[in-house]
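Below is one structure, written out as structure tokens; comments come after it.
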There are 2 protein chains.
Amino acid sequence: MSTYHHGNLRASLIDTGVELARSEGPGGVSLREVARRAGVSHNAAYRHFADKDALLTEVARVGMQRLGEAMVEAVEAARPGAGATTALARLRATGKVYVGFAFAEPGLFRTAFASCPDPTDTSPALTDPDPFALLVETVDGLVAAGLVEEDRRDAMVLMCWTTVHGYATLHLDGPLRGVPGDERDAALERLLDEVEHALT
Amino acid sequence: MSTYHHGNLRASLIDTGVELARSEGPGGVSLREVARRAGVSHNAAYRHFADKDALLTEVARVGMQRLGEAMVEAVEAARPGAGATTALARLRATGKVYVGFAFAEPGLFRTAFASCPDPTDTSPALTDPDPFALLVETVDGLVAAGLVEEDRRDAMVLMCWTTVHGYATLHLDGPLRGVPGDERDAALERLLDEVEHALT
DNA sequence: AGACCGATGTTGACAGTGGACACATTCGGC
DNA sequence: GCCGAATGTGTCCACTGTCAACATCGGTCT
């Protein structure tokens, strides 16, 4: 056989890992299954990843990147301009796409945040569209529009993030799981109303 | 040996499961290890729990209960009375003890929310001090004090919950893990300031 | 060209897990 | 005292992560 060497196994393993994370969640990503789907021996992965965690970390990075991509898409789709209403619309769009991604890709979302790399490591190694950076950018838009005082910026960023993230996790794995989709969405609208209320 | 029958193995298994969850997190709770520590065969647990998930669910219930107990303690310690400042102090105390519990008992907190029972099941089977009910109670105190309009009650509840829960999970397992404790605490104070700001 | 070597992939083994089955032991009610 | 039900044991299987030894390929040096 000509394919003793796979070519770019590493990327291939990450890809199938992502697919497994999408369909089964982080717990469903096993080295053996990933290798199996890549059509390769169960131990081949060790030539490219130190251990299972290393693979999961890469899968998580991809998940984080997809989230970032969805966010830029949503922000750009939100009405352009520099006014206050535009800044607010962008914040709202950011929040909605964040939880939208969590519900559309629960397995990937869980994986992205469950095995994200330890930020205290030497190499932070951020993804290109970095969700956190995008959020900061959005809040800075609010500051620029005069809706938020400079010294409240960091607190606002943290508040927006914790709100949508908590909302997503409580509904995804927590006690709010099982709430029907329409109720969920309505609650999100009112929640975002409150967040907007907070920054006035 | 007189102890072929353990006596109350079920409770004993849950207890050791809780200890394992405390020290190792949900992933460290294995049927075999729990049985081993209880001094019993690895299959004995199946007489009391349908599968591993059933045990984990019970452990999660205990975790949820401990969180609830910590919350009542904190609320009662907060200055008594019925005024507006008391209501605010209680809300703040509730939030602080929520994340305080998460950092003091990370394994238990993770377990409590990772494998909490599906609320859509026929038997919700709430814990006695139910954290959610306590939060609702606290927010109702704000309503009674005239700080929050009646029709914003549910949104406020959700906002408070998502905020502290998101804060806890982002710092526990998410990208904010690794933030030093003092920075973390300072950020929480400012975050709670913003939440208070939101409800005026 | 031909030998060589590092990178890559394979096979085999081991310990640990959750789970299913048949079997053993003990307790409570008659 | 006896019998059935509850409870615990032993054995087995499939699966996983990880390690060690071996096989194969591509490129480099002579």
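Computed about its Cα centre, the charge dipole of the protein assembly as shown is approximately 1380 debye, with only Lys, Arg, Asp and Glu carrying charge at their Cβ.
The range B:12-55 and the range B:92-112 have Cα centres lying 23 Å from one another.
For the range B:1-154, pairs of C-alpha atoms spaced more than 22 angstrom apart make up 50 percent of the total. Here the range B:110-178 is described by how far its Cα atoms reach on the three principal axes: 38, 36, 18 Å, from widest to narrowest. In nanometers and ordered shortest first, the copy-to-copy spacing of the A:Pro180 label point, defined 7 Å from Cα toward Cβ, is 5.1. The portion of the accessible surface of the range A:84-200 made up by carbon and sulfur, rounded to a whole percent, is 56 (1.4 Å probe; DNA, RNA and ligands excluded). Note on the range B:128-146 and the range A:127-146: Cα centroid distance 34 Å, given to the nearest whole angstrom. Using +1 at the Cβ of each Lys and Arg and -1 at the Cβ of each Asp and Glu in the range B:135-200, identify which of B:Gly174, B:Val157, B:Leu135 lies farthest towards the dipole's positive end. Value computed over the given set: B:Gly174. Comparing mean-square fluctuations of A:Ala93, A:Ala102, A:Ala44 from a GNM of chain A with C-alpha springs under 10 Å, the top value falls on A:Ala44. Ascending distances from the A:Asp15 label point to its copies in the other chains, with the point 7 Å along the Cα-to-beta-carbon line: 5.4 nm. In a DSSP loop and with at most 16 other Cβ atoms within 10 Å, there are no trypsin sites (Lys or Arg not before Pro) in the range B:68-111. Does the protein assembly as shown come out rounded, prolate or oblate, given a ≥ b ≥ c as the square roots of the eigenvalues of its C-alpha gyration tensor, rounded meaning a/c under 1.5 and, failing that, prolate meaning a/b above b/c? Verdict is oblate for the protein assembly as shown. In this structure the range B:53-198 gives 41 Å² per residue of accessible area when probed at 1.4 Å with all protein chains present. Each other copy holds its own label point for A:Glu76; taking that point as 7 Å from Cα along Cα to Cβ, the gaps run 5.7 nm, nearest first. 3J(HN,Hα) couplings calculated from phi for the range B:85-101 with the Karplus curve 6.51 cos²θ - 1.76 cosθ + 1.60 (θ = phi - 60°) are, in sequence order, 5, 5, 4, 5, 4, 5, 4, 5, 4, 4, x, 5, 6, 4, 6, x, 5 Hz; Gly and Pro show x.
The values are calculated or read from the model by the stated rules, or taken from the named source; none is laboratory data. Note that the structure is predicted; figures quoted are calculated from it, not measured. A quick note on method: Cβ atoms are made from the backbone with ideal geometry, for glycine too, and the neighbour counts reach across all protein chains shown. Side chains are part of the model used for accessible areas, which takes the heavy atoms of the whole protein and leaves out ligands, DNA and RNA. Shrake-Rupley method; radii C 1.70, N 1.55, O 1.52, S 1.80 Å.
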